[in-house]
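Beneath this line is the structure, given in structure tokens, with notes to follow.
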Amino acid sequence: YTIEEGQLLTVLITAAQADGHPLVLTANSALLDGPGGFNATFNGSTGTVAPGSPTGTATVAGAGAVNGTLVYTPACGEARATPYDVALTVKDLGCGGKTAADVVRITVTRPAAPTGLAGDATVCAQTPHTYTAVGPAPAYHWRAVGGSIVGGNTGRSVQVLWGAADPGKVVARGVSAYGCPTDSLDLSVTVLAAPALVVTGSLSICQGASATLAVAGAGPIYTLTG
């Protein structure tokens, strides 16, 4: 089985014996490490750990047939390259009884991280710019270095108001449908100093007269206050 951090896994294990002999089904795994450890149970038992053992054991008995349900919800951070193994044995307690064995192998993966960040990598100071995460996560957490986020910081897109001229950075981390964080992705941003304004025209006039002023040195849109 392959599941993602935070995803519920339920596995029903059934063993049967045609002659109706008593059977004992045993599960042994690091996942069955007792209360307070992994969020895993076998037929409702979190397992019993023997002193010095890295694994725990849970059992269930029956006559002719025996059923056990393994339930595991990996917490955020429990993903790893090595699978978690649950060793299963069923012992026939009848005359000349035998033991059969099997293994349930569970691979826990991290949620997929953002694959890209779209937005301007070169900006002017004191200007807002929008950045968008590309990836499968339904939600994101953003932070900005060298600027401040305008509004919320949990959507797929975010607006950043860049501060003084300085190297900046936007960082996005996805949040999976199960509430687990992904690896983060960042975009380096060059923040340029805002260009100085140059005002030309008649800067000295008589009261009641008018004058024409021209502004240059910045963008095409200006705000005049007086």
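Every listed requirement among (1) under 24 Å from G77 (Cα atoms); (2) buried (at least 17 other Cβ atoms within 10 Å of the Cβ) is met by G36 save one, (2).
Out of curiosity, is T154 in a strand (DSSP E or B), among the polar types (S, T, N, Q) and under 19 Å from the mean Cα position of the chain (by Cα)? Here the answer is no, as T154 does not meet what is asked.
Restricting T107, T99, T127, T89 to residues that are closer than 30 Å to L23 by Cβ, at pLDDT below 95 and either open to solvent by less than 40 Å² (accessible area, probe 1.4 Å) or hydroxyl-bearing (S, T, Y) (or both) narrows the list to T99. Scanning for something part of a strand (DSSP E or B), open to solvent by 80 Å² or more (accessible area, probe 1.4 Å) and either closer than 30 Å to I3 by Cα or at pLDDT 95 or above (or both), does the stretch 187-197 turn up at least one residue? The answer is no, given that none of the residues of the stretch 187-197 is part of a strand (DSSP E or B), open to solvent by 80 Å² or more (accessible area, probe 1.4 Å) and either closer than 30 Å to I3 by Cα or at pLDDT 95 or above (or both). Taking the residues in the stretch 150-163 that are touching a residue at least 12 places away in the same chain (Cβ under 8 Å) and closer than 27 Å to C180 by Cβ as candidates, determine which candidate is surrounded by the most Cβ atoms within 10 Å (Cβ to Cβ). Among those residues, the one meeting the criterion is V160. Going through (1) closer than 29 Å to G97 by Cβ; (2) open to solvent by 40 Å² or more (accessible area, probe 1.4 Å); (3) at pLDDT below 95; (4) not hydroxyl-bearing (S, T, Y) one by one, G62 falls short only on (2).
Here's the yes/no breakdown for (1) outside any loop (DSSP other than H, G, I, E, B); (2) modelled with pLDDT of 95 or more; (3) loosely packed, with under 14 Cβ neighbours inside 10 Å:
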position: Q7; (1), (2), (3): no, yes, no
position: G20; (1), (2), (3): no, no, yes
position: G77; (1), (2), (3): no, yes, yes
position: T82; (1), (2), (3): no, yes, yes
position: D85; (1), (2), (3): yes, yes, no
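Of the strands (runs of 3 or more DSSP E) lying entirely inside the stretch 102-143, those containing at least 1 residues that are within 25 Å of C76 (Cα to Cα) and β-branched (V, I, T) are 128-134.
The values are calculated or read from the model by the stated rules, or taken from the named source; none is laboratory data. As the structure is a computational prediction, the values presented were derived from the model and not from experiment. Every residue, glycine among them, receives a Cβ derived from its backbone with ideal geometry; neighbour counts consider all protein chains shown. Protein only, heavy atoms only, side chains kept; ligands, DNA and RNA dropped before computing areas. Shrake-Rupley method; radii C 1.70, N 1.55, O 1.52, S 1.80 Å.
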